[in-house]
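Input: a single structure, listed below in structure tokens.
All of the numbers you see were taken from the coordinates with simple rules; none came from a lab. These numbers come from a predicted model, not from an experiment. Note: ideal-geometry Cβ built from the backbone for every residue, glycine included; neighbour counts use all protein chains shown.
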């Protein structure tokens, strides 16, 4: 029987919470996507302590380097493109929560074998 670490079992639940933080800040994220330039993307960040880390505008060519700087270890980030609507942002957050919930359910079934 395979057991998961406590941290691994908690991660999906915390991801659901992080998705909620992002969803609550969809208006802020949407404003950032509305003011971004053609060659920029928005990285929305939730810190490990589940606080909103902001919606940061980053040049596309800097994405790989910058994401590592804005997302702390154990945190979450979602990337959005120019003119992503608030509704689309909320849908992405809901999808992230759904995926995390499914992951948690699979882990629970696996751990109970």
Name the shape class, rounded, prolate or oblate, that the alpha-carbon gyration tensor gives for region 60-113, where a ≥ b ≥ c are the square roots of its eigenvalues, rounded holds for a/c under 1.5, and otherwise prolate holds if a/b is larger than b/c and oblate otherwise.
oblate
Rounded to the nearest 500, what is the chain's calculated 222 nm mean residue ellipticity when only DSSP H runs of at least 4 contribute -39500 (n - 2.57) each, over all residues?
-18500 deg cm²/dmol
Need the full-extension length gain, residue 38 to residue 88, defined as separation in residues times 0.36 nm minus the C-alpha distance. One decimal, nm.
16.2 nm
Taking the chain as a Gaussian network, Cα atoms linked when under 10 Å apart, which of 98, 65, 56 shows the biggest mean-square fluctuation?
65
Most mobile of 40, 95, 73 per a Gaussian network model of the chain (Cα springs, under 10 Å)?
73
What spacing in nm lies between the two simple spin-label points modelled at residue 98 and residue 48, each 7 Å away from Cα in the Cβ direction?
3.1 nm
Tell me, in nm to one decimal, what length is gained between residue 79 and residue 64 on full extension, where the rule is 0.36 nm per residue of separation less the Cα-Cα distance?
4.3 nm
